[in-house]
Amino acid sequence: MTSQLDQMDMDLVSSQESVGEPSRKKPRLDDNYLNYSTWDADKVAKKLKQNDLKEAAECFRKEGITGDTLIQLEDNDFKKLGITDWNQIVKLRKFIREVKTPAIHFFGQKVFNDPIHGHIELHPLCVKILDTPEFQRLRFIKQLGTCYFVYPGAAHNRFEHSLGVCHLAGQLLRAIRQRQPELDITDVDVLCVEIAGLCHDLETSSHEDISIKMFRYLVKENQLRAEFGKYDLKNDDITFIEEMIAGHKHCCEKVWSLQGRSKDKSFLYEIVANKRNGIDVDKWDYFARDCLMLGIRNNFDYTRFIHFARVLEVKKKENNEVHTEYQICTRDKDSETLYDMFHIRQTLHRIAYSHKTSNIIQKMVTDAFVKANDHIKFVGEKGVEKKMSEAVDDMKAFSQMTDHVFNLILNSTDPNLKESRDILTNVLKRKLYKCVGQTQAKGEQMKKEEDKQQMIKEMHEHMDKDEYEYSPLKSLSDHGIVFLFVDLDHGMNEKNPIENTMFYCKNSPNEAFNIRRDQESNFLPVLFKEQAIRVYSKADDKRSQKMVRKAFVRWCEKHKYPTPKGEQADKKPTQPANKTGNDWQHDWSSSTQIKQEPDV
């Protein structure tokens, strides 16, 4: 049964969405509900009957449950009182929430004018988190890192991305709540999802566990537990937020092991970081934001997904056992639109995130930071100094690390930082390692980090020995060869993410089904992962670069990889008989005077 409050909220949301304004809730005007402290057991029973809770009404009357006792009841108490029917428990949970928590518009909200989403409004608790040094740190970390050295427009930071994810998380969940009030999505659920979206990127790499550490440190350091309590967030709600930040895969398993929410709300874990199929609001924001800043066309419209999103019960059979999952599903006619979404992801990785120049700059900056590690320290907790590599275990030290480390090294006069300083100076002067070739690998041909040293050794064996003796490559580490492996996929490695996505049709909106790849257009992809193998020369003279490229061509031919573009595999050249070692040395000396500007 849809309560008077739910109907009021639904009508209000509908009217505001029609004029493009953010949804707000009016204070409830029913004084009978607000005065629950005056209810005796008979009044409680009467209210329960009015809300189709006859079984609970009789039980509570016998136990003498008054209004003050009613609002303190939780799921475990229901079972003790003899209420075991799941539908009754869900209705009771919702009824008690409506009695004790009037739905009001919170004071303290702030409005941000975002270039992607327009005017977005944040909950006052989100604003409290926002106004902490640990979160403000994200203003000084570029969202796309070294891509900024290639794409001048890619100057946006993690700060605005986090606000966007927070906004979209709330927008999606409110749309589902309006469409399906029977799911019992509470205001606390919405707030938790928004906070998870806001804090999902507190750490700047792919290690979500560090984001959780930073979240805990942020809450503790800024004494926010009392603020959480003001909005009825308890320990299990904070656990729920941390689980969403981590993006646990347990929400996709038949044995439920998460602590923040019960299995009937498993769909909540698919909003911020969806480990089932990768369709989440984090991607929606960075697709739109990155495409705008990079000047790349974005063909995916997330508002359509929000409009058609429904939570459905999905039954799966494994080992003769049937288990139930609750998943966010969309219309069957939008399946090919989701392929567009994953294609945008692959496109962004191929031409921006994994750009050959951006990647080698990232490699050089990383090398500079590694060399500087022992000589730059940050004061951590209890005043203990930590190296950059140690800061991940000390959030006070870690919170001081932003993009400013680059300039800290560059402007230093410490002789211990000379090597690092020289590398970063070369980055700014565009004296980069030169990409001399690239091939593609798939399946078993794809390489791993531990394969690099053997590949470099084999490359060296393909080089002309006499040429190598007089090449600058001889004096460089690893023979002046750098390999980079770039994995390009649709987010689920070799798997098709749409296989883990459920759909519904217009005529049966409550029945979920899967769409197989062979039911889709033949123009859509059939391969979902490949690897780009790139080789770079540390030497900046054309002759060395040509020698590395020729060796790479021969290596590709030997191991049956596609020949790099612009080359044909040929036989290993030999030194002409009429040239002596001194002649070769003279040639190398001349060629090193030629400088080639690397591609942007």
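Quick notes
- Computed [θ] at 222 nm, helices only, for the chain once each DSSP H run of length n ≥ 4 contributes -39500 (n - 2.57): -13000 deg cm²/dmol
- Model label sites at E520 and S257, defined 7 Å from Cα along the beta-carbon direction, differ in position by 3.0 nm.
- Listed pairs K46/K230; K356/K382; K474/K495 exceeding 32 Å between Cα atoms: K356/K382; K474/K495
- When each of K431/K558; K442/K546; K142/K565 is checked by Cα-Cα distance, pairs over 28 Å: K431/K558; K142/K565
- Solvent-free Debye calculation, one equal scatterer per alpha-carbon of region 151-293: log10 I(q)/I(0) at 0.10, 0.15, 0.17 Å⁻¹ equals -0.34, -0.76, -0.97.
- Region 405-518: radius of gyration over Cα atoms, expressed as a fraction of 2.2 N^0.38 Å: 1.81
- Added length on full extension, which subtracts the Cα-Cα distance from 0.36 nm per residue, E182 to S477: 99.8 nm
- Helix 418-428 axis, angle to the chain major axis (alpha carbon atoms, nearest 10°): 80 degrees
- Shown in residue order for region 219-227 are the 3J(HN,Hα) couplings computed by the Karplus curve 6.51 cos²θ - 1.76 cosθ + 1.60 at θ = phi - 60°: 5, 5, 5, 9, 6, 8, 4, 5, 5 Hz (x for Gly and Pro).
- Note on region 260-379: the C-alpha convex hull projects to 12.8 nm² when averaged across all orientations.
- The fraction of all Cα pairs in region 67-208 landing in successive 5 Å bins from 0 to the largest distance is 2, 8, 14, 17, 15, 12, 10, 9, 6, 4, 2, 1, 0, 0, given as whole percents.
- The stretch between E318 and E458, if pulled fully straight at 0.36 nm per residue, gains 45.7 nm over its current Cα-Cα span.
- Using a simple spin-label model with pseudo-atoms 7 Å out from Cα toward Cβ, K447 and Q50 lie 7.3 nm apart.
- Whichever lysines have a C-alpha closer than 26 Å to that of K506, once near sequence neighbours (fewer than 8 apart) are set aside: K265, K315, K316, K317, K333
- Taken per residue, the accessible surface of the chain reaches 49 Å², heavy atoms only and a 1.4 Å probe.
- Candidate cross-link partners of K386 among the aspartates and glutamates, defined by an alpha-carbon separation under 12 Å and a same-chain spacing of 8 or more, comprise D374, D394.
- Nearest-0.05 FRET efficiency for N507 and A155, computed from C-beta distance (R0 60 Å): 0.80
- Cβ-defined net charge surrounding M459, 11 Å radius [Lys, Arg +1; Asp, Glu -1]: +3
- Rg and Dmax over the alpha-carbon atoms of the chain stand at 29.8, 112 Å.
- P(r) tail fraction, region 329-409 - alpha-carbon pairs more than 21 Å apart, %: 53 percent
- Note on E74 and D393: with the Förster distance fixed at 41 Å, the Cβ-Cβ geometry gives a FRET efficiency of about 0.65.
- Qualifying trypsin sites (Lys or Arg not before Pro) in region 318-410, where qualification requires a DSSP coil assignment and no more than 11 other C-beta atoms within 10 Å, are lacking entirely.
- Helix axis angle, 54-63 relative to the chain longest principal axis, alpha carbon, degrees: 70 degrees
- Share of alpha-carbon pairs per 10 Å distance bin for region 378-463, given as whole %: 13, 24, 27, 26, 9, 0
- Fully extending the segment from T38 to N113, taken as 0.36 nm per residue of separation minus the present Cα-Cα distance, adds 22.5 nm.
- Rounded to the nearest 10 degrees, the angle from helix 158-179 to the longest Cα principal axis of the chain is 40 degrees.
The values are calculated or read from the model by the stated rules, or taken from the named source; none is laboratory data. Computed from a prediction, not measured in an experiment: that's the story for all the values here. When we count neighbours, we look across all protein chains shown, and the Cβ atoms used for this are built from the backbone with ideal geometry, even at glycine. The area values use the complete protein model at the heavy-atom level, side chains included, leaving out ligands, DNA and RNA. Shrake-Rupley method; radii C 1.70, N 1.55, O 1.52, S 1.80 Å.
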